[in-house]
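Colleague: To start, I am sharing the structure in question, which I have written as structure tokens.
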Amino acid sequence: MTLALQTQPSTNAAVPDVLRRYRLAISLMFGIAGMTIGTWTARIPTIQHNIGMADSKLSICLLLLAVGGLLGMRAAGRFIDRHGSTTVMVWPSLGLGAALLLAGHAPTWIMLAAALLTFGVLHGTLNVAMNAAAVSCQTAYGRPIMTSFHALFSIGGVAGALLSAACAHIGLSVADAFAAVAVVSTAAAGWSIHRLIPAPDSSPTSQEQASPAAQAAQRRPRTRVLLLGLLAFSALISEGAAADWASTYLTRIGATPAMAATAYAAFAASMTLGRLVGDRLTAAVAPAALLRGCGLIGGGGLALGLIGGTPATAIAGFACLGAGLSCVVPLLYSTAGGLDPARPGAALSRVAALGYLGYVTGPAIIGGAAMHIGLGNALLILPVLATLLVIGAPVVHRSRGRHHRPARTRSTTTLALTSSDDTTRPTGQVLAPEFTTTHIDHPVTELEGALR
């Protein structure tokens, strides 16, 4: 079978409708993941009070949630490479609402711990699967769209928190509020599943596995996966620390409770806004330069805000940190998923797991340092970590893919598969003119059946 590329004039309507629906379905998966975790986070104090848990028992429950997330992320890579990302998304997306419902109805802390462990496994699995699907969708689009998916995760988290707050305001119990979110998330998942394109079995043949070139190709990305994971670890330490310590720091430097609450709000809002425009930045700026800029804006802005020593400068610093981190994780995940398009799950699961480990340990790292050097000085660790993004930026360069460059001419390429008997069967797949055959094997195979 040979590949033929034919250039045609392009319009915005040239993207197939099925591909647009596929993107919408994946976007909803990101929204579901964000909404469910945001709903849980917003009601932690109420659940602790209702069950009568001591802080030590709550810590165990939160630890099991984190452990479940790590287990789900690591297992997801193997399932994705064997069955395809879209197949792996089905059960976690449907099960998240049920797991959240169990957590809301848990009468004891032991049952809550079991529910959170289940929730963590499902959420971690969905996290890696939806990112792998997003990488394939981005490759098929031929232009950057990864950051917009993560913007939906941020928006979903805010929506879940606001929905929980609204339910609390009108007097609904935690169980009723979680039931409402479970219904919404399950319905959205069911709608999305019907629009997901089944991914094929992308396992390599035995001949490919035995090939010295194939074995060398498998070894090369390992160091880069580790470097990407370390960068994700550094970035998500800052995200986790900002979530837990921003308001506390503002309070300690004299801010009112209302003003202190705006610190994390400024961080989250700037991150969401950055992700909404992130695709344009990714298309216009080289990836290494973008990662360096993110590190400089996030780390430099926070450092200046902390050195200023006033509530106003600190809020501005956390806003800069959110803006700087907004494009980091989408860029790192996109790079990891592109290292081996035939098996994106393995690399993505490792990078995501290391990043998540940073997110859950970040607050403890800052808290432990604060006991010895003070909270203000401990938070200066975050700008130091941001410099790692500047130093390690070249790791994203080679895997960026030429399709991230903004096209000066509006043209597309239609893929045709030609069999040995010279019978041509166009698939209708729309790709960017620079999209080489090394980029198309996995996404085109995944989308071919639905596009023809």
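Colleague: Just checking, which of S136, S148 is assigned to a helix (DSSP H, G or I), open to solvent by less than 20 Å² (accessible area, probe 1.4 Å), at negative phi and among the hydroxyl-bearing types (S, T, Y)?
Modeller: Result: S136 is the single residue among S136, S148 that is assigned to a helix (DSSP H, G or I), open to solvent by less than 20 Å² (accessible area, probe 1.4 Å), at negative phi and among the hydroxyl-bearing types (S, T, Y).
Colleague: If you don't mind, there's one more thing I want to ask. Look at region 30-46 and say how many of its residues are of a type in the set (A, V, I, L, M, F, W, C) and open to solvent by less than 10 Å² (accessible area, probe 1.4 Å).
Modeller: The total comes to 4.
Conditions tested, residue by residue: (1) modelled with pLDDT under 95; (2) open to solvent by less than 10 Å² (accessible area, probe 1.4 Å).
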site	(1), (2)
L296	no, no
G308	yes, no
P311	yes, no
C320	no, no
S326	yes, yes
S334	yes, no
D340	yes, no
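Colleague: Just checking, how many residues over region 342-394 are open to solvent by 50 Å² or more (accessible area, probe 1.4 Å), under 21 Å from T313 (Cα atoms), assigned to a helix (DSSP H, G or I) and in contact with a helix residue (DSSP H, G or I) (Cβ under 7 Å, 6 or more places away or on another chain)?
Modeller: Final tally of qualifying residues: 2.
Colleague: Could you list, ordered by first residue, the pairs with Cβ atoms under 6 Å in which the first is in region 63-90 and at positive phi and modelled with pLDDT of 90 or more and the second is aliphatic (A, V, I, L, M) and buried (at least 24 other Cβ atoms within 10 Å of the Cβ), at least 6 apart or interchain?
Modeller: Taking only residues 6 or more apart or on different chains, not a single pair turns up.
Colleague: Among the listed residues A235, A263, A258, A213, identify the single one that is crowded, with 21+ Cβ neighbours inside 10 Å, at pLDDT below 90 and part of a helix (DSSP H, G or I).
Modeller: Checking each option against the conditions leaves just A263.
Colleague: Determine whether L172 is part of a helix (DSSP H, G or I), at pLDDT below 85 and closer than 30 Å to H49 by Cβ.
Modeller: Answer is no for this residue.
Colleague: Does region 101-112 contain at least one residue that is touching an Asp or Glu at 6+ places or on another chain (Cβ under 9 Å) and closer than 19 Å to A42 by Cβ?
Modeller: So far as region 101-112 goes, yes, one or more of its residues are touching an Asp or Glu at 6+ places or on another chain (Cβ under 9 Å) and closer than 19 Å to A42 by Cβ.
Colleague: Assuming T7 fulfils every condition listed in (1) more than 25 Å from W109 (Cβ to Cβ); (2) in contact with a Phe, Trp or Tyr (Cβ under 6 Å, 6 or more places away or on another chain); (3) modelled with pLDDT under 90 apart from one, which condition is it?
Modeller: Status for T7: all satisfied but (2).
The values are calculated or read from the model by the stated rules, or taken from the named source; none is laboratory data. This is a predicted model, so every value here is computed, not measured. All Cβ positions, glycine included, derive from the backbone under ideal geometry; neighbour counts span all protein chains shown. To get the accessible areas, we keep the full protein, side chains included, count just its heavy atoms, and leave off ligands, DNA and RNA. Shrake-Rupley method; radii C 1.70, N 1.55, O 1.52, S 1.80 Å.
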